[in-house]
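The values are calculated or read from the model by the stated rules, or taken from the named source; none is laboratory data. Please read all numbers here as calculations on a predicted model, not as lab measurements. Cβ placement follows ideal geometry from the backbone for every residue including glycine, while neighbour counts extend to all protein chains displayed.
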Amino acid sequence: MDLLPTDQLLDLDRRHVWHPYAPMPNTGPMFPVRAARGVYLELETGETLVDGMASWWTCIHGYNHPRLNQAARDQMERMSHVMFGGLTHQPAVQLAQRLVQLTPEPLQQVFFCDSGSVSVEVAMKLAVQYWHNRGRSQKQHFLTIRHGYHGDTFAAMAVCDPVNGMHHLFRNSLVEQYFADAPQIPFEGVWDDADIVSFEHILERHHQDLAAAIFEPVVQGAGGMRFYSPQYVRRARELCDQYGVLLILDEIATGFGRTGQRFACEYAGIAPDIMCVGKALTGGFMSLAATLTTSHISETFAQGEAGVFMHGPTFMANPLACAVALENLTLLDSYDWAARIQDIEAQLKQELTPCRTLPAVKDVRVLGAIAVVELHQPLDMAVAQPQLVQQGVWLRPFGRLLYTMPPYIIEPDQLRQITGAMTNVVGTLA
Ligand SMILES: *Cc1c(COP(=O)(O)O)cnc(C)c1O
């Protein structure tokens, strides 16, 4: 591949390439990346930026990690891909074994797929087919909580926040699901059962039609970056059991240590019936996700009408992705990641809490390696994004939220650069 001059690259990009949630032609500021190493992004224009986004929660051990690169090279020499129907291989089996070890004990079976959204589709299909297997084919609906985010495909979108997700746009294509009020009691707040009354009422009224409840435990990510009480998760587990509804936990953003526990459901001390993981699974190296289930669920499939689970992606369990994921999880096991997340949390709290007194700021919250500065007004991206880049950091605010979830390997002075830039940008606002 010959490299294009930067201005030509940007011109072609603007005219032909869709970016996430972007207009066409793209009018927003765009920054071409030449390379990435450790916590740094190197732009074609020469600047080096400290990455505060970890490429959307994924790149927990930094870019261009020699061990992940080597795992990919080694696997590439053997095979980069084979179909997964009727064939199996070392990377998939060993990764499945590792995931079963790491996740809560009842989760024993692993379905691999390419992206988080698809792992959510798989989770929802598993739940529906499970009830069908048991002769309860009316149980096909889902209960979720407001301000959630589960992906951009249709079934996943139907359980995203109806307002943020602009459900009215897709009204006639989307199945209408049930939305409980978002939890209000914060992570460290005193629990009150009133917080889950709306969830309980929906279960009470509609459990006959509900296949599962699905939500993000403790941290709601792209739907608003909200942190809530683990007691909510614990009570939801009890209520789902009481009403005979499965519990799907979407740990795609929270999984693999980001919140301070390996999985956020560990704060609640409960296990779901179905769990989705993705994002940090390969350490940001490539796309891979998985859906885990209990034996109780998987065992019903042999007797079901189909006799099989009706799903099978072409690139299922891609060996390259599985090999890199396995190495990434080995890496995560090789140091005290929990202590590292605690240090990051302490520094984020110390350096961002003073923002609370700024007039533009509504709230500052920190949990694990996640920090959010919530503003009263939406940030003007056309202004804020270049401002952040000028200060040598990469952050991608959305709406009223300026937030960071840096790679776990970030050093204190690099993190200080991020919190400093956040403070500066927020400080310039009225
Ligand atoms: C990112 C995300 C998804 C969707 O994953 P993709 O890989 O973007 O399809 C689903 N659920 C949660 C909680 C996420 O953060």
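Laid out as a table, the results:
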quantity	calculated
Verdict on Ile252 being of a type in the set (A, V, I, L, M, F, W, C), under 25 Å from His296 (Cα atoms), in a loop (DSSP other than H, G, I, E, B) and touching a helix residue (DSSP H, G or I) at 6+ places or on another chain (Cβ under 9 Å)	yes
Output for segment 160-196, where each listed residue is more than 30 Å from Ala371 (Cβ to Cβ) and either buried (at least 18 other Cβ atoms within 10 Å of the Cβ) or in contact with a Lys or Arg (Cβ under 6 Å, 6 or more places away or on another chain) (or both)	Leu174, Gln177, Tyr178
Of all residues in segment 1-43 being touching a strand residue (DSSP E or B) at 6+ places or on another chain (Cβ under 6 Å) and in a loop (DSSP other than H, G, I, E, B), the one that is nearest to Arg416 (Cα to Cα)	Val39
Selection from segment 381-405 of residues that are touching a residue at least 24 places away in the same chain (Cβ under 8 Å) and either in a helix (DSSP H, G or I) or of a type in the set (Asp, Glu) (or both)	Met381, Ala382, Ala384, Gln385, Pro386, Gln387, Leu388, Val389
Filter result (out of contact with any helix residue (DSSP H, G or I) (no Cβ under 7 Å at 6 or more places or on another chain) and in a loop (DSSP other than H, G, I, E, B)) within segment 126-137	Arg134, Gly135, Arg136
Ala182 vs. criteria within 16 Å of the ligand (Cβ to nearest atom) and part of a loop (DSSP other than H, G, I, E, B)	yes
Qualifying residue in segment 406-419 (condition: in contact with a helix residue (DSSP H, G or I) (Cβ under 9 Å, 6 or more places away or on another chain), among the polar types (S, T, N, Q) and not in a loop (DSSP other than H, G, I, E, B))	yes
Subset of segment 138-161 [part of a loop (DSSP other than H, G, I, E, B) and farther than 17 Å from Gly221 by Cβ]	Gln138, Lys139, Gln140
Residues located in segment 244-264, provided they are within 13 Å of the ligand (Cβ to nearest atom) and farther than 19 Å from Asp343 by Cα	Ile248, Leu249, Asp250, Glu251, Ile252, Ala253
Cβ pairs under 8 Å, 6+ apart, first in segment 265-277 and within 16 Å of the ligand (Cβ to nearest atom), second among the aromatic types (Phe, Trp, Tyr) and at pLDDT 95 or above	Met275/Phe263; Val277/Phe256
Subset tally (residues that are within 16 Å of the ligand (Cβ to nearest atom) and of a type in the set (Val, Ile, Thr)) for segment 19-57	0
Segment 50-73 - residue that is more than 24 Å from the chain's Cα centre (by Cα) and under 24 Å from Trp337 (Cα atoms) and, of those, surrounded by the fewest Cβ atoms within 10 Å (Cβ to Cβ)	Pro66
Single residue of Glu47, Glu121, Glu42 found to be surrounded by 13 or more Cβ atoms within 10 Å (Cβ to Cβ), charged (D, E, K, R) and closer than 14 Å to Ala289 by Cα	Glu121
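Results for (1) assigned by TED's automatic domain parsing to the domain that holds Ala54; (2) under 26 Å from Thr48 (Cβ atoms), shown as yes or no for each residue.
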site	(1), (2)
Ala321	no, no
Ala325	no, no
Ile344	yes, yes
Thr353	yes, no
Leu367	yes, no
Ile370	yes, yes
Leu379	yes, yes
